Amino acid sequence: MAFLDAHYLLQGKTSEAIYADIADLPIIDAHNHCDVKALSENRCFSDIWEAEGATDHYVWECLRKCGVQEEYLTGKNRSNQEKWLAMAAAFDKVAGNPTYEWIHLDLKRRLGIDELISAENAQLIWDKSKAVLNRPDMAQQELIKQMKVEAMCSTDDPVDTLEYHLALQQSPLAGVVRPTFRPDRAMNVYKPDWADYLAQLERRWQTHCNSIDDLIAVLQKAHDFFATLGCKASDHGMTVPYGYQVSTADANEIFLRARDRKKLSKNDVVAFMSYVFNEVAEMDAKKDWVFQIHIGAVRDTRDSLFNSIGADVGGDISDHLTDYVTPLLPLLNRFDHRLKIVLYNMNPIHNATLAQLTRAFGEKVSLGLAWWLNDSYIGMKTQLDYVGSVDVLSNLAGMVSDSRKILSYGSRHEVFRRTLSRSLAGMVDQGQMPCEVAKRLAVSLAYERPKALFGF
């Protein structure tokens, strides 16, 4: 088998037959971090570093491990060409990590470049890619159409005006790009800038937040506005999914102290986050949205990175000791049978527990595909091989790219589809299911299931 050839990640005729049925299906990508402004302006990428390295903390982390200095990753005093050449010189050392495959897939599938990224080929790839990326057919809206993206959901804050989403409604991508309601900053009352964020909400929605009821009313306004632009889901990034039931009076007392920048206890923080979490869940339930929970990210653990560069630059981990179940059960029980919930798990050690949890709560609660540090062949296959034996494989929510790079949507979904084909083929070849059933399941998980779940 040659590198990234037609047999890539597949093993045997059964997996190839399954993959043939799903390879060209449209893409449903219900969670990503696309630059909606750049997409609405239909920009072309200026060069390969802008397209592949400038916004990707996956790339930065790998290159740091391979000895590339920070100035060639996030520095302001190095050109994009210098950064690309530094990346290429170290890229052989990245082999074995999925980033190595993803970026080569992007070059091969999107740009028609087959050269391996290396010090020797660095300038050649820079020149070739620059010529390709500057073509009109490589503008970002064109790329989305070429990859057959039927629906994609960005990640947006309640203070966002969504002006670029509005612009996209007048573009060839009308109905394709949708916002996602992500109220993390409203919930994260422990953050030093929470009161400042509250002021942003007030300015954005031209109202005063003098109580917890006022805050929920403002979030409701934003929620309703998002709905007018086709939003179908909220999303919540939480280390611990606090879903305890808290009275309005208790939540209001905490709100008032937080607004006045008074110190809060851990119990205060948990209670406040739980209250807002439940209130947004009520909003979602009334609109039949999907309530997505990304669980387990312990952020910005590397002090030197955070202090010198800032948040979300590659210092995040997961913690196997995180209690997912106890704090989440009150919310799951409150919304049993009336809210579509998808659980995304950052630490694979919790796959067994979460699979059991989704099984216990029926068809409305689904497990999301392996996320972040696990959205590789090995992470996804391990999950696929296991989950169906505990929960129901057909209940998985489908693939999301979680990507910050337009070019990688197709590559990420291709890796998932090949992995899915191999996992199902293994079950067929071991006599666990008929091939025709496996093919139908593959089509469902690659396309039909996420489309129906999110209501696209």
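The values are calculated or read from the model by the stated rules, or taken from the named source; none is laboratory data. The structure displayed is predicted, hence computed values, not measured ones. All Cβ positions, even for glycine, are placed from backbone atoms using ideal geometry, and neighbour counts span all protein chains on display.
Before moving on, here are some points about what is shown:
- For the range 67-84, the set of residues classified as surrounded by 15 or more Cβ atoms within 10 Å (Cβ to Cβ) and over 17 Å from F45 (Cβ atoms) consists of V68, E70, Y72, L73, T74, R78, listed by residue number.
- Residue ID - surrounded by the most Cβ atoms within 10 Å (Cβ to Cβ), chosen from residues in the range 134-172 that are in contact with a Pro (Cβ under 7 Å, 6 or more places away or on another chain) and part of a loop (DSSP other than H, G, I, E, B): P158
- Scan of the range 28-54 for residues that are of a type outside the set (G, A, S), surrounded by fewer than 22 Cβ atoms within 10 Å (Cβ to Cβ) and more than 30 Å from L453 (Cβ to Cβ), ordered by number: E41, R43, C44, D47, E50
- Close pairs (8 angstrom Cβ cut-off, 6 or more residues apart or separate chains): at positive phi in the range 276-304, part of a loop (DSSP other than H, G, I, E, B) and among the β-branched types (V, I, T) anywhere: G296/T239; G296/T322
- Subset of the range 367-390 [part of a loop (DSSP other than H, G, I, E, B) and surrounded by fewer than 22 Cβ atoms within 10 Å (Cβ to Cβ)]: S376
- Test: residue in the range 318-325 that is assigned to a helix (DSSP H, G or I) and out of contact with any strand residue (DSSP E or B) (no Cβ under 7 Å at 6 or more places or on another chain): yes
- The requirement of being assigned to a loop (DSSP other than H, G, I, E, B), over 18 Å from T382 (Cβ atoms), of a type outside the set (K, R) and at pLDDT below 95 is fulfilled somewhere in the range 407-421, by at least one residue.
- R334 in contact with a helix residue (DSSP H, G or I) (Cβ under 9 Å, 6 or more places away or on another chain), surrounded by 15 or more Cβ atoms within 10 Å (Cβ to Cβ) and either more than 19 Å from T155 (Cβ to Cβ) or without any contact (Cβ under 8 Å) to a residue 12 or more places away in the chain (or both): yes
- Search result, residues across the range 40-71 that are among the small types (G, A, S) and either touching a Ser or Thr at 6+ places or on another chain (Cβ under 6 Å) or not in a helix (DSSP H, G or I) (or both): S46, G53, A54, G67
- The range 277-309, subset at pLDDT below 95 and of a type in the set (D, E), residue surrounded by the most Cβ atoms within 10 Å (Cβ to Cβ): D300
- The range 206-227, subset small (G, A, S) and within 28 Å of N32 (Cβ to Cβ), residue surrounded by the most Cβ atoms within 10 Å (Cβ to Cβ): A222
- Residue check for K128: without any contact (Cβ under 8 Å) to a residue 24 or more places away in the chain and farther than 15 Å from A233 by Cα: yes
- Selection of the range 177-198 for residues being in a loop (DSSP other than H, G, I, E, B), surrounded by fewer than 20 Cβ atoms within 10 Å (Cβ to Cβ) and either in contact with a Phe, Trp or Tyr (Cβ under 7 Å, 6 or more places away or on another chain) or without any contact (Cβ under 8 Å) to a residue 40 or more places away in the chain (or both) yields N188, K191, P192, D193.
- Qualifying residue in the range 436-453 (condition: assigned to a helix (DSSP H, G or I), in contact with a strand residue (DSSP E or B) (Cβ under 6 Å, 6 or more places away or on another chain), over 23 Å from D106 (Cβ atoms) and among the basic types (K, R)): yes
- Qualifying residue in the range 83-100 (condition: in contact (Cβ under 8 Å) with a residue 24 or more places away in the chain and either within 30 Å of T161 (Cα to Cα) or not assigned by TED's automatic domain parsing to the domain that holds K128 (or both)): no
- Checking the stated criteria, R203 turns out not to satisfy the condition of being out of contact with any strand residue (DSSP E or B) (no Cβ under 8 Å at 6 or more places or on another chain), crowded, with 17+ Cβ neighbours inside 10 Å, of a type in the set (D, E, K, R) and more than 28 Å from G410 (Cα to Cα).
- When the range 228-252 is filtered for residues that are of a type in the set (G, A, S) and surrounded by fewer than 17 Cβ atoms within 10 Å (Cβ to Cβ), the ones remaining, listed by number, are S247, A249.
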